Amino acid sequence: MQAFYGLKVTGKVDADTLALMRQPRCGVPDVAPYALGERTLHWEHTHLTYRLENYTPDLPRADVDRVIDRAFQLWSNASALTFTRVFEGQADIMISFVRGDHNDNNPFSGPENIIAHAFPPGEGIGGDVHFDEEKRWTKDFRDFNLYHVAAHEVGHSLGLLHNGDIESLMFSSYNYYGDNLLTQRDIDAIQALYGSSKNPIQPRECQVPQACESKLTFDAITEIRGELYFFKNRFFLRTRPFYKTGELGAITDFWVPLSRGIDAAYEVASRDEVFFFKDSKVWAFNAVKMRRGYPKDIYHSLGFPHTVKSIDAAVHEEETGKTYFFVASKYWRYDENTRSMDTGFPKEIAHGFPGIGKKVDAVFQERGFFYFFRGKRQYKFDPHTKRILTILNINSWFNCRNK
């Protein structure tokens, strides 16, 4: 399992492996029993039918119809396949929302993170898709996104297997990417079974950060329990003491509600709390467990004016108990002890942190110094003397050659 998913092979259920195992995932085995050598089962014809046997009460029926139709269109746009919905009788692919034991020898009463499964092409139950009705289905990033899960499961109905590419739609754990779900690997896989589309589509641009990439930038950076996390898109690069290679992971490996990525983050180590920001919302966690009552809006919980729509960067100074929030060209200072904004703010970044520039992408504190990131550069800043000490390449925290 560790080798399949690109984890460090330890032979033990370590923290990274356990985090992966806890992710919401598909119930189809990673190494499918229906794979025949290098070949998989596939439909002998390219015009397929599907039928919705019932609906989830979580969404209006019209929304479910549109979502399922989009899931099939995704695959037809990438291959020679076509799909027709039928409303009675037997279809190639039967779709249903079920609970517990539903007479297919794959009950949903097992692991809580199994939320759907599908069967490979074939007669009878072959090709059918089952969604666990005990889960809450949505059209957005909350709970379980029906479109993303349906698109993944239809991939199995067409004969595709799981792969170890964290960017791929056919990765066993679900990562929400918006509308354009298919990577080049997904497109190549479906075309190998059914041929090319007459109207080729563009694959989703790779969002996985590469530690030593020259054009690398970050959305947020924070220390969490002694480890540095560099966040980009829906992923993070992690460095540990004496291990600076930049281990890659999906944010949802540890923080499932943050499937859309984050704008800013900071840790209050004395309380073992870490805060994540996206748009006007804030999430609070103790390690990987979300605190009760979150997410909250930044207006009532922190006191920001409604003119602030998102946070660019944040950093907590343990020495003073103050947290700095950076928004466009201004910054706020928050007192973690009184849980209130300090008076006299916001102020201009140029006044409080001269030389940094008018905008901050990310910032964290290390050994009393602030490290500001803007574009492809980082600035080591002394908050006591208010001076820039060094300008560094953005990936200097990783073991990269020619930094």
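General observations
- Scan of the stretch 384-403 for residues that are at pLDDT 85 or above and within 28 Å of the chain's Cα centre (by Cα), ordered by number: ASN393, ILE394, ASN395, SER396, TRP397, PHE398
- Qualifying residue in the stretch 267-278 (condition: in a loop (DSSP other than H, G, I, E, B) and surrounded by 13 or more Cβ atoms within 10 Å (Cβ to Cβ)): no
- Of all the listed residues (LYS347, LYS330, LYS358, LYS322), the sole one being touching a Ser or Thr at 6+ places or on another chain (Cβ under 7 Å) and either on the phi < 0 side of the Ramachandran plot or not acidic (Asp, Glu) (or both) is LYS358.
- Boolean, LEU160 is under 27 Å from PRO200 (Cα atoms), in contact with a Ser or Thr (Cβ under 8 Å, 6 or more places away or on another chain), assigned to a loop (DSSP other than H, G, I, E, B) and aliphatic (A, V, I, L, M): yes
- The strands (runs of 3 or more DSSP E) located wholly in the stretch 215-258 that include 2 or more residues which are under 11 Å from TRP397 (Cα atoms) occupy 227-232, 235-240, 243-250.
- Strands (runs of 3 or more DSSP E) lying entirely in the stretch 31-118 (those with 1 or more residues that are modelled with pLDDT of 95 or more and on the phi < 0 side of the Ramachandran plot): 47-52, 82-85, 93-98
- When the stretch 301-360 is filtered for residues that are among the charged types (D, E, K, R), crowded, with 18+ Cβ neighbours inside 10 Å and under 27 Å from the mean Cα position of the chain (by Cα), only ASP312 remains.
- Among the residues here, TYR379 qualifies as in the same structural domain as PHE277 (by TED's automatic domain parsing), surrounded by 15 or more Cβ atoms within 10 Å (Cβ to Cβ) and either of a type in the set (Lys, Arg) or not in a loop (DSSP other than H, G, I, E, B) (or both).
- Extreme residue, surrounded by the most Cβ atoms within 10 Å (Cβ to Cβ), among residues of the stretch 279-300 that are more than 23 Å from GLU227 (Cβ to Cβ), within 19 Å of the chain's Cα centre (by Cα) and of a type outside the set (S, T, N, Q): PRO295
- Residue in the stretch 339-359 that is part of a strand (DSSP E or B), closer than 17 Å to ALA269 by Cβ and either small (Gly, Ala, Ser) or in contact with a Pro (Cβ under 9 Å, 6 or more places away or on another chain) (or both) present: no
- Evaluating ASP335 against the criteria (1) under 25 Å from ARG271 (Cα atoms); (2) outside the structural domain of SER270 (by TED's automatic domain parsing) leaves one unmet condition, (2).
- The residue pairs whose first member lies in the stretch 289-307 and is free of Cβ contacts under 8 Å to residues at least 60 places away in the same chain, whose second member is outside any loop (DSSP other than H, G, I, E, B) and hydroxyl-bearing (Ser, Thr, Tyr), and whose beta carbons are closer than 7 Å, counting only pairs six or more residues apart or on different chains, are LEU302/TYR334; GLY303/SER340; HIS306/TYR299.
- Here TYR334 qualifies as modelled with pLDDT of 95 or more, closer than 30 Å to ILE394 by Cα, in a strand (DSSP E or B) and touching a Leu at 6+ places or on another chain (Cβ under 7 Å).
The values are calculated or read from the model by the stated rules, or taken from the named source; none is laboratory data. Keep in mind that this is a model prediction, so the values were computed, not measured. Because the Cβ atoms are built from the backbone with ideal geometry, glycine has one as well, and the counts that use them run over all protein chains shown.
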